[in-house]
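S.K.: Pasting a structure below so you can have a look.
The values are calculated or read from the model by the stated rules, or taken from the named source; none is laboratory data. Quick caveat: nothing in here was measured; it's all calculated off a predicted structure. Every residue, glycine among them, receives a Cβ derived from its backbone with ideal geometry; neighbour counts consider all protein chains shown. The protein model used for the area step is the full one, side chains on, heavy atoms only, and it has no ligands, DNA or RNA in it. Shrake-Rupley method; radii C 1.70, N 1.55, O 1.52, S 1.80 Å.
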Amino acid sequence: MASIKIKGSLESADLLGFPMNINISRSFAGVGAAKSFQKITTAVKATPVAPAALNGKVFSSSDKRAYIYIKNNSIAATELVNIYIKYTAIATAAELNAKGCCTGCEEGALSIDRFIRIATIQAGEYLFIPIADQDYLYIDSAAGTPSVDFLVLEE
């Protein structure tokens, strides 16, 4: 099973005007049926199609917190990998009518998914980031279909 242990400390006597001492010691284990590095081939960015979910499984921790390691295995400089999170906005029919987006919309709410790019990984580069409050992380490529190695670690 893949796991990672993080240990670290931050110390400063004068940064904040008072002593600061923070110690971190956490352990994380791989998520899902495959608890080791996985590989996925990206798809070219297509509008208006949404990018693909990175691992195909919803993050399972109660607060959706995870650490994600992603490496772009491509050697072609043009094969960039884009990383996204999803933001869902709810718009009511009254709001849409007031903005002139539609006329005579029936009462109710409209759910709008937006994908916000948080990183672009060049060929041979990697990314290790914490995320929270997400069900998935999403990816696509700027050109070509580079493969990526990834590991999802949850508490």
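S.K.: With (1) farther than 25 Å from T145 by Cβ; (2) small (G, A, S); (3) at pLDDT 65 or above as the list, and A29 as the residue in question, which single condition is left unmet?
M.R.: (3)
S.K.: Out of the residues in region 77-103 that are among the small types (G, A, S) and open to solvent by less than 70 Å² (accessible area, probe 1.4 Å), state the one that is modelled with the highest pLDDT.
M.R.: Step one: filter region 77-103 for residues among the small types (G, A, S), giving 77, 89, 91, 93-94, 98, 100.
After this cut, where a residue has to be open to solvent by less than 70 Å² (accessible area, probe 1.4 Å) as well, the list is 89, 91, 93-94, 100.
Details: A89: 75, A91: 71, A93: 67, A94: 68, G100: 61.
Applying the filter and picking the extreme gives A89.
S.K.: Can you tell which of R65, R117 is at pLDDT 85 or above, out of contact with any His (no Cβ under 6 Å at 6 or more places or on another chain), of a type in the set (D, E, K, R) and open to solvent by 80 Å² or more (accessible area, probe 1.4 Å)?
M.R.: Numbers: R65 fails: at pLDDT 85 or above.
Matching residue, one of R65, R117: R117.
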